[in-house]
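Undergrad: I have a structure here, written as structure tokens, and I will follow up with some questions on it.
The values are calculated or read from the model by the stated rules, or taken from the named source; none is laboratory data. What you see is a predicted model; the values in this text were computed from it and never measured. Every residue, glycine among them, receives a Cβ derived from its backbone with ideal geometry; neighbour counts consider all protein chains shown. To get the accessible areas, we keep the full protein, side chains included, count just its heavy atoms, and leave off ligands, DNA and RNA. Shrake-Rupley method; radii C 1.70, N 1.55, O 1.52, S 1.80 Å.
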Amino acid sequence: MGKFTEYKLPLKSMPAGTHDFEYTLGKTFFTNMESEDIHDADLKVALSVVHKGDLYELNFAITGTITLICDRCLDDLEFPVDTTYHINVKYGEDYNDDSDNLLVIPESDNYLNVAYMIYDTVALTIPIKHVHPLGKCNRQMSALLKKHRATDPNDEDAALEDQLMDEIDQMDSADDRRATDPRWDGLKNFKTDNE
């Protein structure tokens, strides 16, 4: 049994009408796809196939989250996925995927494996630069990056991030130095009979 056998649609034996399929994608699916970007996933795929004579309309709806690695701090980054994909499939003499919305498959194929369509649809939702929002990166790694980064005066994002990290550090050190309420300090000195 192959890695993606469950994603094979029996198009030739499918009666006319609408047919719904559901898939759950996790880490194993993306490991089997040898994905370098997606390290984990919790995705639901709803596939609706409408068989109209010699044409099959495939409508994918994919929702959930994927786990990427932050380009900046290398920590896990949860990325939401909510996307759709539509393609028409029909039988012909040879395989042809020249069109964006029509796939022609040979008459000899009884099945259509949609695993790669699903993978491509998810992979296309990933932005080129995947980073945490400003101030959400691993602080230790951000400090190291700031220390060793060559500064570019035109990089506004880096300057803004550095400023934000400095402000967060100042707030944390101010919290550490903040005087406590003397009434609470007095209670800290209170000892029970058991001590």
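Undergrad: Determine which member of the set Ile126, Ile69 is modelled with pLDDT of 90 or more and open to solvent by less than 30 Å² (accessible area, probe 1.4 Å).
TA: Just one listed residue meets the conditions, Ile126.
Undergrad: Among (1) closer than 29 Å to Gly135 by Cα; (2) polar (S, T, N, Q); (3) surrounded by 15 or more Cβ atoms within 10 Å (Cβ to Cβ), there is one condition Thr63 misses while meeting the rest; what is its number?
TA: The number of the failed condition is (3).
Undergrad: Which number in (1) open to solvent by 80 Å² or more (accessible area, probe 1.4 Å); (2) under 12 Å from the mean Cα position of the chain (by Cα); (3) free of Cβ contacts under 8 Å to residues at least 24 places away in the same chain marks the one condition that Asp76 misses?
TA: Among (1) open to solvent by 80 Å² or more (accessible area, probe 1.4 Å); (2) under 12 Å from the mean Cα position of the chain (by Cα); (3) free of Cβ contacts under 8 Å to residues at least 24 places away in the same chain, the lone unmet condition for Asp76 is (3).
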